[in-house]
Amino acid sequence: MIRTNWAAMLGIAGDDRLGLGERLRRYPWSLVALLLSIAILGLIILYSAVGGRENIDLFWGQGLRLVVGLLLLFAITLFVGEKLFRRYTYLFYGISLLLLLAVAMGGTVGMGARRWLVLGSFRFQPSELMKVGVILALARYFHDRGVTTQLGWKELWMPAILIMAPVGLIAKQPDLGTALLVAAVGGVVIFVAGLSWRGVVAGLVVLGASGPLVWSNLHDYQRRRVATLFSPEQDPLGSGYHIIQSKIAVGSGGVFGKGFLEGSQSHLDFLPERHTDFIFSVLAEEWGFLGTMLLILLYGLTILRGWIIASAAHDRFGILTASGLTALFGIQVVVNVGMVIGIFPVVGIPLPLVSYGGSSMMTVLLAMALLIHVDIHSKQHGRAV
Amino acid sequence: MLENDHDLFRGESRRRLLVLGGLTGLSVAALAGRLFHLQVLKGGTYHDLAENNRISLEPIAAPRGRILDRTGGVLVDNTPEYRLSVIPELSGGLGRLLRRLAPYVDLSEEEILSVIKKSRSQRRFLPLKVKSRLTWEELSRVQVRIHSFPGTEIQTYNLRSYPNGTLASHVLGYLGEVSSSDKNAFPTINFRSGDLVGKAGMERQFEPLLRGGEGVREMEVNALGRQVRELNRTDPRPGMDLRLTIDPELQREAEAALGDRVGAVVAMDPKTGAVLAMASQPSFDPNMFIQGISRKEWNALLTDKRRPLTNKAIQGQYPPGSTFKMVVALAALDDGKLNPSEGIYCNGSLNRQNHRFYCWQHRGHGRMDLKQAISQSCDVYFYKMAERIGIDSIERHAHLLGLGKLTGLGLREEAAGLIPSRAWKRRRFNAGWFPGETLITAIGQGYVLATPLQLANMIATIANGGTLRRPTLVWNDKGGQTEIVEHGQINRHHLSLIREGLEEVVHGARGTGRKARSEFGRVAGKTGTSQVVRGKRAADGKALNASNPLYQDHALFVAFAPVDDPAIAISVIVENGGHGGSTAAPVAKRVIDLYLSRLSGGVKVAGTTNPDPGNTTKRQAPPQEEQEE
């Protein structure tokens, strides 16, 4: 009782909001268990990736962010009313867009690209917020537009702007990977929202046709990364380096791996970005095929759970939000792992819950909180799957 | 209506989510498949790649063994070379540091710029060579201030050095950068490109021993090539010192005696087979190859007609001329076809097969016994001997004295010489042996070829009573004594008859080798003059080609001393030197003098040089022996 009053005092309680007890009863503990398993596995890998005790600070920092993120996740899922999100989606989107603009005009240059915004001692990437912002804005838009299963141009121009504005800004940073990710996630939302199959085909054709245009606007290093994907051995010490070394790390892990903290590739600096984008290869080297299959299985089940939540959501906003969030999570997993094992170009996409990095961790947990939130509320109408 | 629409949407979206679920399944399957390929199927391959990534093997050079003379003196040494290097990333501004270093080590602005240029193509944590071969002053100037030059280090390398310069350079050899043929020659050595390897002489012959075993540092490195730590270390096995049988004083004397004439001297201990001196002139300075020889210098060495790089003592093959007569005499005695006191008449020439075979003494020597024939080097006498015994016997006895085959000294440059035979001629020319060729062979002309080392070994075998040893340059615990190749095949009495003749060559009134007489003991020897060009002779006996110095005859002399207890055997050749008695014998005398004076403690031996019969009997004018052939 006290808790509900407290929530009501914050003005976040809606008329249809569920009690805490009901929420806990409906809570998707299996999904939480999956996420926790991935995060803990991730922390263990990170411990090795940062070089054990040598950079233990990084490890504790990541652990702290995980705890804070989880607290945030529980707070959102247990206390925030359903209507709150719908009310502030455009605001959230707008703030994210403004922050992106701010970065474009005067962000901090890190790793050769403008991605960061520094607020006091707090640094974060607005593009991370935008990943969620786009999903919420699109879901809200389609929800408001009413129900149709054959979306035409009349319904699509606004979503196109909602997607392309942030995508353009992110691509300009330049962060092509995140830009494409945001675009793809937006595409998935539109697809689920009911883009006509003709539209799907047309969209794929346009995507294919724009390839050369995109190529001609790519930075040299981006072109090299794509070219490198097909023949990394051509420039083993240059652009092909990441892929070659990463493949060696993954392959040398074999079936059973070299053992925790025993990966030579990981511990001898052969692997670049090994605690961030390439952390999967540390797992692969030290835990072998068994380890990679375990993590892939956990991710697969999580994504599957996401699609199920989406299909069970009680309204359009819930369905589309859950779809977008699941797509966001899933695409990141597939692209990151694909990059590490050499079937995708090297793009700066982190591995959800495992890669070191505060913004990424927070975004993923926020996304998962929203997903859980959708799930809890779907059961309100007895449509639980 | 709305509820229906909503259900319609739900149905459609569920279908689409199913599509997405299917795509998810495909993607995950693709990742799993790829991981299966990389980790399970190709795991071994990548495991090897990772191992190679991890460890870099760094060779640690072993100090090369020194080469010593028989007294233990150093002939070939290693001297440290100091190089100045800078690690760019520690230098705090490479250009500035170099300009600060410049006054101390004499760096020009050009050199500074070239070092800076070089630094761009090299990783910044690796030492960058700034200057090699620092002088002692430069070294000490930098060393005392080393702490004010960040990233600067002095590196020490061992440089091969030949402190005596050209002394015995052909024996010692020289080093050069390893070539593919060197790699084939020493399959057990793991050469690195740029390694120095023995190219000639003992440096080559004992390459594996001198080189020792290279050590290895197994360094763990990161992807940038920066060394993380040392995993393992195998210390190098230093090369072994090599002690030679070379007597440095004797070597020096032999080279000095030849002077700037082209030729060779080999001195041996007839009792052991140890080579005491092996000189070949002109020589070269092996240090040149270490300090970096310019193309011009190298070409000059290669194209010099006097062949300074050739070790004439073992590579030079010369017609032995009259020095070969002792082989013929021995063969005739052994075959029982010669009574040493038998008088054989020489009227200056011999007619055979419509050809006139001349004696060098066109007037003729008159009646000669063996001793006289040897001492006066009568050609007709030996023509007749050769007719009696034939080429087969000459060949056999030549082999017993070590001619016509490698002596086994061990230097790869060594030539085998040539003793012709019927079989050889059949092989070589597909022709039969002519009796006239036997006659020419008997005076060491025609096809016969021998190296100075073979001639020294031949005279050593005669001196020591018929024991042919394998000559050696390597000292062992028996003072360089080597195994016996032939022994007991030659009648000792016959050998002593030959030795008497050889003694008469030097000490006889009409001997051709009188200029080899020593004050320190009696010498036995044999002169030789070998024709370079087989020119026809005018009626007065003078060679038609006498005007061209390169067509001048080679002068030879072989000898041993003291006669009673031979301690040194020597052969001398002076290319285009003219007559053996006048040119080669004095060279031998200088070496023998030095050796015998040391043996006798400087005490002169009576009855060796005076009275000189040549002086009392003025009628027998010296020009006679000077013309022997």
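Data overview
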read-out: Theoretical gain in end-to-end length, residue B:90 to residue B:126 [0.36 nm per residue, Cα-Cα removed]; value: 12.0 nm
read-out: Rounded D (µm²/s) - chain B, Kirkwood Rh over Cα pairs, Stokes-Einstein at 25 °C, 0.890 mPa s; value: 84 µm²/s
read-out: Gain in span if fully extended, residue A:40 to residue A:74, counting 0.36 nm per residue against the direct Cα distance; value: 10.5 nm
read-out: Cross-link table B:371/B:526; B:271/B:478; B:271/B:312, entries beyond 19 Å C-alpha to C-alpha; value: B:271/B:312
read-out: Residue exposure sequence - B:426, A:140 - by fewest surrounding Cβ within 10 Å; value: B:426, A:140
read-out: Segment B:365-459 - Rg (one decimal) and Dmax (whole number), Cα, Å; value: 14.4, 47
read-out: Centroid-to-centroid separation of segment B:315-371 and segment B:66-99 [C-alpha atoms, Å]; value: 63 Å
read-out: Straight-distance crosslink candidates among aspartates and glutamates, where the alpha carbon sits under 19 Å from residue A:131 and sequence neighbours closer than 8 are dropped; value: A:175, A:277
read-out: Helix-only CD estimate at 222 nm, as mean residue ellipticity for the protein assembly as shown, using -39500 (n - 2.57) per DSSP H run (n ≥ 4); value: -16000 deg cm²/dmol
read-out: Cα gyration tensor shape of segment A:266-325, rounded if a/c is under 1.5, else prolate or oblate by comparing a/b with b/c; value: oblate
read-out: Within the protein assembly as shown: Cβ-based charge dipole about Cα centre, in debye rounded to nearest 20 (Lys, Arg +1; Asp, Glu -1); value: 1320 debye
read-out: Dipole of chain B, positive end: most advanced residue of B:164, B:399, B:389 [Cβ charges, Cα centre]; value: B:389
read-out: Chain lengthening between residue B:304 and residue B:153 when straightened (0.36 nm per residue, less Cα-Cα); value: 50.1 nm
read-out: Order of A:262, B:111, B:253 under a 10 Å beta carbon neighbour criterion, fewest first; value: A:262, B:111, B:253
read-out: Among B:115, B:461, A:36 the positive-end extreme of the charge dipole of the protein assembly as shown (Cβ point charges); value: A:36
read-out: Chain B: relative contact order as a whole-number percent, Cα under 8 Å and 6+ apart; value: 13 percent
read-out: Tally of Lys pairs whose C-alpha atoms are under 20 Å apart, taken over segment B:59-243, 8 or more apart or cross-chain; value: 5
read-out: Binned Cα-Cα distance frequencies in the protein assembly as shown - 10 Å width, integer %; value: 2, 9, 14, 13, 10, 8, 7, 7, 7, 7, 6, 5, 3, 1, 0, 0
read-out: FRET efficiency for residue B:184 and residue B:216, using Cβ-Cβ distance with R0 set to 25 Å, rounded to 0.05; value: 0.60
read-out: Theoretical FRET efficiency, 1/(1+(r/R0)^6), r = Cβ-Cβ of residue B:603 and residue B:496, R0 30 Å, to 0.05; value: 0.70
read-out: Gyration tensor verdict on segment B:13-137 (Cα atoms; rounded if a/c is under 1.5, prolate if a/b is larger than b/c, oblate otherwise); value: oblate
read-out: For segment B:404-478 and segment B:2-48, distance of Cα centres in Å; value: 88 Å
read-out: Sum of side-chain charges, residue B:111 neighbourhood, beta-carbon under 15 Å (Lys, Arg +1; Asp, Glu -1); value: +4
read-out: log10 of Debye I(q)/I(0), alpha-carbon scatterers only, for segment B:59-243 at 0.11, 0.12, 0.19 Å⁻¹; value: -0.65, -0.76, -1.22
read-out: Radius 14 Å from Cβ of residue B:422, net charge of other residues (Lys, Arg +1; Asp, Glu -1); value: +2
read-out: Shape category assigned to segment B:38-97 from the gyration tensor of Cα positions, a/c cut at 1.5; value: oblate
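The numbers here are math on the coordinates, done by the rules we state, and not lab data. Note that the structure is predicted; figures quoted are calculated from it, not measured. Note that each Cβ is placed from the backbone with ideal geometry, even for glycine, and that neighbours are counted across all protein chains shown.
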